[in-house]
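Below is one structure, written out as structure tokens, with a few remarks after it.
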Amino acid sequence: MKTLYSRLLMLAVFALPSAAAAQRGNSVYVDDRLNQLQQSLTMLTGQIEQLQYQNQQLQQQMEKMRTDYDFRIDQLEKGRGGAPRPGPAAGPAPSAPAPSQQAAAAGPSASGDQLYHDAFKMLQEGDYAGAEKGFRTFVQRNPKHVLAGNAQYWLGETYYARRDYQNAMTAFAEGYKVYKNSPKGPDNLLKLGITLATLGRKSDACAVFARFTQDYPHATDLQKRRIDQERQRDSCG
């Protein structure tokens, strides 16, 4: 998975110079092309995050099944599993729980996961308004969910993709403030700085970029390179 991501990143990096050379002097084209490449990388990152989360969920399910299997084997080895244990007199079988009771037993995370994945699918399909609604609803209903920080970040991206930079700035700032220590904390701070620069607030953007190393000393190399590139682009001291 990491190899695939690295190859896609290299293709994007090498594609930019050729496009710039073809349109030398046309800064608008270059900026648009750069934004498109950055958006593509962002979406690829989101897809990888989804796969990683799904893999984690599968591993947890397999571990639970393995534990249950080990317990049953242990019971058999002790001679308890060969015959049913004595119990109370047989009576009417308990009725199956109603669907509403099953949903309640599953807890909010079950429906929350589906809501998150539905919103991300809409984001991939370019339905930014629908994705915005989905991610906002997810965060409101599941503020402590393991994916809440991710959802807050993608909420900001739904605004940024539509050039609604004011709301994007608010969403990324909220993501940094509330979910600072989430996996998407560094991305929220990075995109907050980029959005501020887009709004013409370059001094504020530089201040945000300056906090990155202090707040996220263990950020990925890609994130650190992005920060360096944005600082150079905005002429930060």
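Binning the alpha carbon pair distances of the stretch 99-237 at 10 angstrom intervals from zero yields the distribution 13, 38, 31, 13, 4, 1, 0, expressed in whole percent. With Cβ to Cβ distances under 11 Å as the rule, what net charge do the other residues near Ala219 carry (K, R +1; D, E -1)? Charge balance near Ala219 sits at 0. Net charge near His145, counting Lys/Arg +1 and Asp/Glu -1 over other residues with Cβ under 13 Å of its Cβ? Neighbour charge sum, excluding His145 itself: +2.
The radius of gyration of the Cα set in the stretch 179-237, together with its Dmax, comes out at 10.5, 29 angstrom. A simple rule links phi to the HN-Hα coupling: the Karplus curve 6.51 cos²θ - 1.76 cosθ + 1.60 with θ = phi - 60°, which for the stretch 140-145 gives 5, 7, 10, x, 9, 5 Hz, with x for Gly and Pro.
For the stretch 155-237, the Cβ-based charge dipole about the Cα centre amounts to some 80 debye (Lys, Arg positive; Asp, Glu negative; other atoms uncharged).
Each reported figure results from applying straightforward, stated rules to the coordinates on display, with no laboratory input. Worth saying up front: this structure is predicted, and the values here are computed from it rather than measured. Don't worry about glycine lacking a Cβ; one is built from the backbone with ideal geometry, like all the others, and counts go over all protein chains shown.
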